[in-house]
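Notes for the one structure printed next.
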Amino acid sequence: MEARIIAIVTEHFGIDPAEITPTTTFEDLDMDSLALAETVVVLEDQLGLELPEIEGAFSPAVTLAQAAEAFAQLRATAAAAS
């Protein structure tokens with residue numbers, strides 16, 4: 001999931017993949033809260049998942065690995081419910 005999230009972020013935002021690791025935060029990528037909200041929408045669309053509205057769940061300090069874990073857990077929950 002990490003590789004997929006990194007690929008989506010680099011492709012959509014034109015970021016050099018060499019600048020990104022799983023420990024890169026959205027803040028490291030110079031994303032403010034508005035850019036982060038756009039990122040979440042893009043990830044939800046590309047991954048076919050919708051994150052619940054949890055205050056502070058995604059902040060600029062979240063790493064790409066943490067984002068991947070959140071989406072992986074959501075995918076597992078959705079799969080278990082089907």
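Observations on the structure shown:
- The number of residues in the range 24-39 that are under 13 Å from Ala67 (Cα atoms), of a type in the set (A, V, I, L, M) and either touching a residue at least 24 places away in the same chain (Cβ under 8 Å) or touching a helix residue (DSSP H, G or I) at 6+ places or on another chain (Cβ under 6 Å) (or both) comes to 1.
- Any chance Leu43 is within 18 Å of Thr10 (Cβ to Cβ) and in contact (Cβ under 8 Å) with a residue 12 or more places away in the chain: yes
- Any hit, the range 5-23, residues being touching a residue at least 60 places away in the same chain (Cβ under 8 Å), assigned to a helix (DSSP H, G or I), surrounded by 14 or more Cβ atoms within 10 Å (Cβ to Cβ) and not basic (Lys, Arg): yes
- Enumeration of residues in the range 40-82 that are in contact with a helix residue (DSSP H, G or I) (Cβ under 7 Å, 6 or more places away or on another chain), surrounded by 14 or more Cβ atoms within 10 Å (Cβ to Cβ) and assigned to a loop (DSSP other than H, G, I, E, B): Leu49, Leu51, Phe58, Pro60
- Scanning the range 1-19 for residues that are among the small types (Gly, Ala, Ser) and within 20 Å of Glu69 (Cβ to Cβ) yields Ala3, Ala7.
We did not get these values from a lab; they are worked out from the coordinates using the rules stated. Not measured: the values here are computed from a predicted model. Cβ: placed from backbone, ideal geometry, glycine included. Neighbour counts: every protein chain shown.
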